[in-house]
Each structure stands twice: as C-alpha cells, then as structure tokens.
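**Student:** I am attaching a structure below and will ask some questions about it afterwards.
Laboratory data are not the source of any read-out in this text; all were calculated from the coordinates shown. Predicted model, so just to flag it, every value in this text is computed and none were measured. For neighbour counting, all protein chains shown are included, and Cβ atoms are generated from backbone atoms with ideal geometry for every residue, glycine included.
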Amino acid sequence: MTQSESPGHTLIVKDLHATVGGKEILKGVNLTLKTGELVALMGPNGSGKSTLAYALAGHPKYTITSGEAHLDGIDLLKLSPDKRARAGLFLGFQYPVEVSGVSLSKFLWTSFTQTRKAEDVDTDLFQQNLDQHLSSLGLDPAFMKRPLNEGLSGGEKKRTEVLQMATLDPRFAILDEPDSGLDIDAVKQVGETVQKLRSPTRGMLVITHYQRILKYARPDRVYVMVDGMVALSGGRELAEELESKGYDWVKVGAASSKPGTASPASHA
Amino acid sequence: MAQNAAEITPLDYTRYDFKDPETYKVRTPKGLSRDIIRQISALKHEPAWMLDYRLRAYEHFLERPMPDWGPDLSDLDFDAYTFYANPLAEGDTKKRWEDLPADIKNTFDRLGIPKAERDYFAGVGAQYDSGTVYHKIREDLSKKGVIFCDTDTALREHSDILRKYFGKIVPYNDNKFSALNSAVWSGGSFVYSPPGVDAGIPLQASFRINAKAVGQFERTLIIADKGAKVHYIEGCTAPIYSENSLHAAVVEVIAEADARIRYTTVQNWSKNVYNLVTKRAHAYENSLVEWVDGNMGSKVTMKYPSVYLKGRGARGDMLSVAFASEGQIIDSGAKAVHSAPDTSSKIIGKSIAIRGGRTSYRGLLHIARGATGSKSAVRCDALLPDAVSRSDTYPYNEVHEYEDVTISHEAVVGKIGEEQIFYLMSRGLNESDAIHLILMGFLAEFAKELPVDYALELNRLIQMEMTGAVG
Ligand SMILES: Nc1ncnc2c1ncn2[C@@H]1O[C@H](COP(=O)(O)OP(=O)(O)OP(=O)(O)O)[C@@H](O)[C@H]1O
Ligand SMILES: [Mg+2]
C-alpha cells in the first residue's frame, strides 16, 4: 500500500514553524503523506499535533513563521481555509464545533457541493454513500436532521467527523483524535471505517494517543511528535511500544535525533 | 436537500425598490391639524363617535412628549409627512384582483400577491399607503361567519363588534404614537372568528408604502371568540427614498376563553421608514396568543408586542426577531403582564446586528398580586458578527406575587465564533457563505414558523446584507 501507483498525490510539510498567541508551538515539522497511505501521528499532550492540523487547514489563530506545506504543486499556506478544502484537504476536528439551527444534512450537502465541480455533484451517489457510512458508523439516519454537533455526545461528535470525511471523499484527511472519548465498540466502528476508506486516491493522517484504533485502521507508519517536531518515526509496532513505555524515552532521544528524517519509513 | 437549490437563487436587489407614479385619488396636504383629521373622517363617512375619538386622540398627541428613552427620534418631523393618501376613492376596496389599477396590481404582483392567495392563504388583504385596495376571504370561511375585511369597512358593517373592542386594548393615550394612530388611522385588518371556528390556514395582509414622505397608520383588530382559532400574517415593504417615511400602527388582539391566535409579522420596510408600532393582546381563560415578530427593515423600529394574561391558565408566547444592518436601529422586545393565576409566558428575543447596526431588546415582565402559580421564561440571544455593531438588553421585572411563581431569564450575547467560521470554511464554504449559514441557523426558530415564501425572502435578505459585509 505504501507505494501507491502514479499519478499519486503528495502532501509535503517542510520545516514548518508556527506560533499561536506569540508562542512558538511548531518548531520545524517535516512530514510527507502520499495518497494510498495511512499514517499515525502520536505524541504527548501539548506537543503540537492539533496545532499542526490547524496550521495545515489554515486556522486564522495560527501564524506560520517559516516553512512550507504543499499539496502536489499547490502552496497551501497561501490559501484561505475553504480553498484548502477545495484543493482536497479535510480536517476532522479534535473538538468539533457546534452550530445551532443548521442541520448536519444541510451542512454536509452544502459542503459536498462546494468541494467539487458542479458536474461532479451526484445527488443519488451522495445519498447512497451517506446511508452506507451512517450504517457502518452505527449512526441513526435521524442524526442528519440534528443541528450540527449541538447536543451530541462526545462520541457522536467524533463519529460525525468521520462520517463527514467519508461522504466528502477528500484527497487528504487529517483526523485529530477520532477515537478519544469513544466506547470500545465505537473505536472498532470508527477504526474499521477509516481502514475501509483507505484508497489509492486518498492519504490519511490519524492523530491518536492509543494503539487500539490502530488495530483496525492499520497505519503504514507512525510519527511521534515531541515539543513541536516530529521526533521519531517507525512502523506500527512503535505505537505499542509507546503505549507500554510512555514518551519519556522519546523525549530524551529527541534532542539528538534529526526530526522526521531518521525514520526507516521515510521516503522520497 | 431540495431546499438548497432555492437558496442559491440569484440576488435581486431591486425586489422592493420600485416606485409607482404618485397618482392619488385623495391626498391631504402635508402636516397634521384638526381640519385634516376632520377631512379624513369625512372622507370615510364615519359616525360622530369616531371623529370625536380621533380628535381626543389628537389633543393627547399634541400634549404628549416624545419618549425620553430608546432610539433617537429627533429627525422625525411631523410637519413633513402626508397623513392620508389613497390611490382609490375612500371605500372603493376591490374584491376582484382584475379591478385594481394596473400600477398597483403590478406592485403587488411583484411582491408575490395574489399568487400567495392561490397557493396558501385563506384570505388576503392589501393596503397601499392609506388605502385598502383589495380584500378577499375564502367563501367557506365567510360562510362559517369569519370576518376578514379592512377596518374602515368593519366600522361601517360590523360596528357593534368593532366598537366593543376598538381602543380597549390599546387606548389612545397609551403612548405618543398610539395617540397619533388613533387620530389619523386608515385601513388595517379586521378579523373576527366566531365561537369554535377554526380559521386554520393563515389570513394574510400586505402593507405597502409607495409615496414619498407619507405616513401609514393602519389599525388592526383581531378577535377570536371562545374556542376559535386565527392565524394572521402580515408583510410590510416600501421603496427607498431619501426622505423618511413613517409607519405608526396599532394592533389590538383579543383571545376569548380557549381561543388561539397567532400573529406573524415580517417587517421589511426600506431603511428610511420610522416604524413605531403598538401591538397588544388580551388573553382570557386558557387561551393562547403567539406573537411571531420579525423586524428586518426600517430605519428605526420601536415595537414591543405584549400579552396581558387576564384569565386563569392563559398563555402568551412571543418570538421577537431583529436584524439590524448599517444605519438601522431595531429596538424591540416583548411584554408579558400576568394578572390571573396559573398564567404562563415565554419570550424569546433573537437579534443580529451587523455592519454598525444596533439592536436592543427591551422586555417587561409584570406579575400582579394574585397571579399565583404563574410562570415566565425569557431568553435573549444576540449575535454580533463584527466589532462595529451593538446590542443591548433592557429587561424589567415587576413582581408583586411570589406564591408558586417561577421566573427565568437568560441573556447571551455571542460573537459569531471564529471557531464556527473556521469549522465551516474547513469544509469548503467561503467566509460569507459560512456566516450566512450561521445567521440562518441562529434564526431557524423564526424561519420555521414562516410560510415558504417568507422564509426564502428572509434568506435572500440576509444573503444580500452579507454580500456587503464580507470582502
Ligand atoms: N490559542 C492558543 N493560545 C495559546 N496557546 C495555545 C493555543 N492553542 C494551543 N496552544 C498551546 O500550544 C501547545 C500545543 O497544543 P496542541 O493543541 O497542538 O497540542 P496537542 O499535541 O494536540 O495536545 P493533545 O494531545 O492534548 O490534544 C499547547 O501548549 C497549547 O496550550
Ligand atoms: Mg490535540
């Protein structure tokens, strides 16, 4: 799976530095994601994982001070968030935002029509995919009438984010902790759905603290972020190792290793 | 999903902004005097008591100072207005659409009447400046005894019912503008639904100011007899002139025991209209009065629909919505007066101020001694998408009874969160579409109460304002 056939697409992040509230959080992130791949991003609380996700999606609070982010030839950093979405980037939020009075169905449909050319908007296909994903995520179709994220349980919100990704079918998706707050069955449903959504035309970056979801959504690589840098990367087994040993040993190693480049799975 | 297509309809800025030539059968000279009031009354061949009432109201109007609170009205020059202008001869209200003069017919056609009548409503009325030009009610309803006509006709043909209620809910000396209306009123709707009759589908009235610097002073009276049901909807529009216009209406509503009345307003005056309206209802035993009041237009609006809960178990629900953009002040709210036991009121105020617009919520809750077991819940939400607009809340509570009384008040002023906009944009919506969606969501409670045409109109309006707001 790692070597997706051409014409593959690539999301490249190079030496990305970002500040929020005047404080530098990202201190030179390097990372490459190709279509066909599923990559996990782990790391301690506050290490900058969500910051990376927001910075890539274009959140106005995060200031990029240097570095690059390209989706194929496109310079993402020059685009407003909506244009990044139209270029094929999707962000599943760690904390999905509530919007009252706007139904999920209306929102999703608006978003669906905004992220593709008019001739690619197929109502029947949209509905068909939606129904299928609702059922694989264990969500009641009545959900679609509910106001966007309002009054949803934490787990429902997370599943709704994955539902949105599944239906919108983006080229690159960053899912920020799609498993936190989920019960055991839900982790399985979400993990399996993510695994099913792997495709030669999609690359996914799954941010998580737990290796449980990675049993279902099986990553090609695991990156570890420490203090605003990708400090380590490895195969799937790294996730288990982190779960048993914690992050302290990575932090120690981080000082000496070259961020993001010392990885066996890193590639040109 | 289908409704989405309608939302993408192209914007039509000129929808209301067209003017008919000012050809009037009757038009009083500018300004106001006893003579002009006599002239108006004479044109209408009114009984002496009404002329007398008008003149008393006029005396009070002269004595009564301008309100010393609320929006600035110093620009309001009563001598600059024409107080009566009728495109038809007085009393010449048409019953057949075809009989209307071409201009007027064309105006209301463009505003979606009488298409609306065919599609949806049980009765339709249209007022053009001072003149009621058209009125019609479905035959099955009139056979059941439902009366829906203009108030001048009611004074001639149903004077016994009219006289029983006229000025009893809103006395002329209630405020400066109720005095003005009582002195110069013309047109408005009169609705009476007999005991037990369900008028079911809405009766609709459309109010149009056409001439420059003219005042519209309609007088509306709605009565649902015991156990009857009425749903009334009104829409208001005007073209844009540089001179200000004045709209000062009085609306009186009576719900007898077990009756239900819903009164919906979609006020979309152009931004040169002073809209100073008194709306009040009396609700008797176990009746329900609902005000659904949307104010999107006008230069200045002062309007606080109220319900006096006068019978045990009576209920009043008020949904007051304000949308103020550049140059607009919408000062609105609601009043609930509990004077009987076990009464309940629910007030929801929702406002959006953008591009320097101002909204104020002004509310009064009065619980009289003896109104035991009363309940009231007030909720005010304001949304301020930018830093140049302003929203204030002025709630007043007068509570004289505490036995088993429950009161709750919540007020929330929100910015449209950057987080919300970012969330929607991260899904591909551009900034103005994102804000539009958030605003429509904020108003969803109101929009869902409206007939489809009105809801689409609201949507279009907000889209129009948004286009200017975001670069
Ligand atoms: N708006 C903000 N203002 C100030 N500091 C912020 C802001 N947003 C994030 N930070 C700080 O940036 C750091 C990185 O936060 P981030 O949310 O990226 O961490 P994370 O790796 O996603 O953590 P978690 O695993 O807990 O989700 C934290 O120290 C956080 O407090
Ligand atoms: Mg995070």
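**Student:** Residues in the range B:285-323 near a label at B:LYS168, defined as backbone nitrogen under 18 Å from the 7 Å Cα→Cβ point?
**Tutor:** Those under the cut-off are B:285-289, B:307-312.
**Student:** Report, by chain and number, residues whose modeled amide H sits under 5 Å from the one on B:THR301, excluding near sequence neighbours (fewer than 5 apart, same chain).
**Tutor:** Residues meeting the amide H criterion: B:ASN275, B:ILE329, B:ILE330, B:ASP331.
**Student:** OK, next. Counting only DSSP beta bridges with both residues in the range B:10-417, what percent are antiparallel, rounded to the nearest 5?
**Tutor:** Counting DSSP beta bridges with both partners in the range B:10-417, the antiparallel share is about 10 percent.
**Student:** Give the long-range amide H neighbours of B:THR264: residues separated by 5 or more places, or on another chain, with amide H under 5 Å away, using H modelled in the peptide plane at 1.01 Å from N.
**Tutor:** B:TYR232, B:ILE233, B:GLU234, B:VAL292
**Student:** Also, quick follow-up: With θ set to phi - 60° and the Karplus curve 6.51 cos²θ - 1.76 cosθ + 1.60, what are the ³J(HN,Hα) couplings of the range B:420-434 in order, to the nearest whole Hz, using x for Gly and Pro?
**Tutor:** Coupling constants for the range B:420-434: 5, 4, 5, 4, 5, 5, 5, 9, x, 7, 6, 4, 6, 5, 5 Hz.
**Student:** Out of residues 5 or more away from B:LEU364 or on other chains, whose amide H comes under 5 Å of its own, with H placed 1.01 Å from N in the peptide plane?
**Tutor:** B:ALA334, B:LYS335, B:ALA336, B:TYR396
**Student:** Just to confirm a number: summing +1 for Lys and Arg and -1 for Asp and Glu over residues other than A:GLY21 whose beta-carbon lies under 14 angstrom from that of A:GLY21, what do you get?
**Tutor:** So the environment of A:GLY21 carries a net charge of 0.
**Student:** Only counting other Cβ atoms within 10 Å, I'd like B:ILE367, B:ILE201, B:ILE329 sorted with the fewest neighbours first.
**Tutor:** Arranged by neighbour count, lowest to highest, B:ILE367, B:ILE201, B:ILE329 become B:ILE201, B:ILE329, B:ILE367.
**Student:** On to the next question. What ranking of B:ARG110, B:ARG27 emerges when the number of other C-beta atoms within 10 Å of each C-beta is taken as an exposure proxy, fewest first?
**Tutor:** B:ARG110, B:ARG27
**Student:** Can you compute 3J(HN,Hα) from phi for each residue in the range A:12-20, using the Karplus curve 6.51 cos²θ - 1.76 cosθ + 1.60 with θ = phi - 60°, rounded to whole Hz and x for Gly and Pro?
**Tutor:** Calculated HN-Hα couplings, in order: 10, 10, 10, 6, 7, 10, 9, 10, 9 Hz.
**Student:** How large is ³J(HN,Hα), in whole Hz, for each residue of the range A:194-210 in order, when computed from phi with the Karplus curve 6.51 cos²θ - 1.76 cosθ + 1.60 and θ = phi - 60°, using x for Gly and Pro?
**Tutor:** Those phi angles translate into 4, 4, 5, 7, 4, 7, x, 9, 9, x, 10, 10, 9, 8, 7, 9, 10 Hz.
**Student:** Find, among the chymotrypsin sites (Phe, Trp or Tyr not before Pro) in the range B:204-297, those assigned to loop by DSSP (not H, G, I, E, B) with at most 11 other beta-carbon atoms within 10 angstrom.
**Tutor:** Answer in residue order: no site qualifies.
**Student:** Now for a different question. Find the relative contact order for chain B and round it to a whole percent, using C-alpha pairs within less than 8 Å whose residues are 6+ positions apart.
**Tutor:** Relative contact order, chain B: 10 percent.
**Student:** Using a basic spin-label model with each label point 7 Å from the Cα along Cα→Cβ, how many nm lie between A:LYS61 and B:ASP160?
**Tutor:** Placing both labels 7 Å beyond Cα along the Cβ direction yields 7.0 nm.
**Student:** Also, quick follow-up: So what is log10(I(q)/I(0)) for the range B:10-417 at q = 0.06 1/Å, when the Debye sum runs over its Cα atoms only?
**Tutor:** -0.22
**Student:** Could you work out [θ]222 nm for chain B from helices alone, using -39500 (n - 2.57) per DSSP H run of at least four and dividing by all its residues? Round to the nearest 500 deg cm²/dmol.
**Tutor:** Calculated at 222 nm, the ellipticity per residue is -7000 deg cm²/dmol.
**Student:** State the Cα centre-to-centre distance between the range A:209-237 and the range A:82-102 in whole Å.
**Tutor:** 24 Å
**Student:** Test of understanding: what is the full-extension gain from B:ILE407 to B:SER142, defined as 0.36 nm times their sequence separation minus their Cα-Cα distance?
**Tutor:** Gain on stretching B:ILE407 to B:SER142: 91.2 nm.
**Student:** Could I have the simple spin-label model distance between B:GLU63 and B:LYS25, label points 7 Å from Cα toward Cβ, reported in nm to one decimal?
**Tutor:** 3.7 nm
**Student:** So how do A:PHE126, B:PHE121 line up by other beta-carbon neighbours within 10 Å, fewest first?
**Tutor:** A:PHE126, B:PHE121
**Student:** Same structure, new question: Among B:PRO194, B:ALA211, B:ILE416, whose Cα sits farthest toward the positive end of the charge dipole of chain B (+1 at Cβ of Lys/Arg, -1 at Cβ of Asp/Glu, about the Cα centre)?
**Tutor:** Value computed over the given set: B:PRO194.
**Student:** Out of all Cα-Cα pairs in the protein assembly as shown, roughly what percent, to the nearest whole number, are more than 50 Å apart?
**Tutor:** 30 percent
**Student:** Taking the simple approach of a point 7 Å from Cα along Cα-to-Cβ for both A:ARG146 and A:LEU125, what is their distance in nm?
**Tutor:** 2.9 nm
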